[in-house]
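In what follows, a structure is listed as structure tokens, so that the remarks can point back to it.
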Amino acid sequence: MIHLSTRIVPAHETDIPQLLSLNNRYAESGLTLARTPEFAANHLSDYRVLRDAQGGILGCVALDEYSPSVVELISLAVDEDAHGLGYGRQLIQAAVDLATARGYKELFAVSYSDELFLSAGFERAPLDTYPEKISRYLKVDKTEIEVGQKHCFARKLTAP
Ligand SMILES: CC(C)(COP(=O)(O)OP(=O)(O)OC[C@H]1O[C@@H](n2cnc3c(N)ncnc32)[C@H](O)[C@@H]1OP(=O)(O)O)[C@@H](O)C(=O)NCCC(=O)NCCS
């Protein structure tokens, strides 16, 4: 029922509390990295949200630029009650579409969800392909790169 009336759209400023609540609830277990209202406000145009028929937010994803050609997929999260309905896959595709439209050549993600990323056209990549990721996260939250089972995935993008 829910999935018939959802849509993935750019985030609005008023979505920030809800999308942060969604992303940050998974940060304690290390699945996502906690984000601040300042980060979300500064990156608002990089977020996409999955909106239900009532306007609530069931999921989110964002891009975080590393260079004019490389961008990271971050803050992928779906509400617990809506897991397993294909929304995670749709949000990854929305991030791929946005990154492609913006002209990036490569999209990467660091995640435990191997199957999800592999089935979305990503390939395993060594994290040291992205030295900037390592230095950036050492400043923010080094657990992001210390967690053993988290893997790095990358997808090459081609212009539409
Ligand atoms: C990861 C997450 C976004 C997936 O969302 P979802 O809407 O449940 O995913 P989908 O329904 O689109 O699942 C797509 C496929 O991936 C699989 N999958 C989803 N999450 C998975 C996981 N954590 N591990 C293994 N497989 C997973 C599903 O079984 C499904 O496979 P199928 O199509 O063969 O049945 C969601 O579980 C979530 O919010 N998790 C907590 C935050 C998180 O881990 N974020 C990822 C950070 S990169």
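The table below gives the values:
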{"quantity": "Gain on full stretching of the segment that runs from Q54 to T100 - 0.36 nm per residue minus C-alpha separation", "calculated": "13.6 nm"}
{"quantity": "Pairwise label distance in nanometres, E38 with S119, each label 7 Å out on the Cα-Cβ vector", "calculated": "3.9 nm"}
{"quantity": "For peptides 100-106, 19-25, sequence by mean Cβ density within 10 Å, most packed first", "calculated": "19-25, 100-106"}
{"quantity": "Pair H12, I134: separation of 7 Å Cα→Cβ label points (nm)", "calculated": "4.3 nm"}
{"quantity": "Distance in nm between pseudo-label sites at K156 and L85 (7 Å out along the Cβ direction from Cα)", "calculated": "3.6 nm"}
{"quantity": "Value of relative contact order over the chain, rounded to a whole percent, pairs C-alpha under 8 Å and six or more apart", "calculated": "20 percent"}
{"quantity": "Crossing angle, helix 87-101 versus the chain [Cα axis fit, 0-90 degrees, rounded to tens]", "calculated": "60 degrees"}
{"quantity": "Percentage, to the nearest whole number, of Cα pairs in the range 31-160 over 20 Å apart", "calculated": "43 percent"}
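Coordinate-derived values only; no laboratory data. None of the values given here were measured: they were computed from a predicted structure. We place every Cβ from the backbone using ideal geometry, glycine too, and count neighbours over all the protein chains shown.
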